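The values are calculated or read from the model by the stated rules, or taken from the named source; none is laboratory data. Values in this document were obtained by computation on a predicted structure and should not be read as measured data. Ideal geometry is used to build each Cβ from the backbone, glycine not excepted, and the neighbour counts take in all protein chains shown. For accessibility, only protein heavy atoms count, side chains too; no ligands or nucleic acids. Shrake-Rupley method; radii C 1.70, N 1.55, O 1.52, S 1.80 Å.
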Amino acid sequence: MITYPGVTAERLSEILTAALAPTALEVRDDSALHAGHAGAREGRHFSVRVVSPAFDGLSRLARHRLVYDAARPLIAEGIHALAIEARTPAEAQR
């Protein structure tokens with residue numbers, strides 16, 4: 001089994017916090033749920049829920065691009081998949 005020691009939920013959380021200054025952030029490592037499937041050999045799988053004022057006025061696609069841009073260093077190190085839920089603070093209060 002291939003491992004990606006530098007790619008952790010904690011490290012991804014640190015990177016997203018620095019880039020997006022979130023008011024809420026949850027990063028979950030879902031890699032174990034994908035064990036045995038072809039993508040598991042390509043890298044780790046994460047789910048990200050992030051609330052940030054940086055998303056104000058942006059489309060869903062633009063929000064996801066901000067998350068991917070921030071995570072780019074870890075993607076190169078071994079992130080295969082990111083499931084993203086990105087909301088503004090106002091949307092999170094609803």
Consider Ser59 against the criteria (1) open to solvent by 70 Å² or more (accessible area, probe 1.4 Å); (2) at pLDDT 95 or above: it satisfies all of them except one. Which criterion is unmet?
(1)
Based on this model, can you work out whether Arg28 counts as at pLDDT 90 or above and surrounded by fewer than 19 Cβ atoms within 10 Å (Cβ to Cβ)?
yes
Can you name every residue in segment 42-94 that is closer than 11 Å to Leu16 by Cβ and out of contact with any helix residue (DSSP H, G or I) (no Cβ under 8 Å at 6 or more places or on another chain)?
Arg49
Filter result for Arg49 (among the basic types (Lys, Arg), out of contact with any Cys (no Cβ under 8 Å at 6 or more places or on another chain), at pLDDT 95 or above and open to solvent by less than 60 Å² (accessible area, probe 1.4 Å))
no
Matching residues in segment 78-92 (more than 14 Å from the chain's Cα centre (by Cα) and open to solvent by 30 Å² or more (accessible area, probe 1.4 Å)) number 4
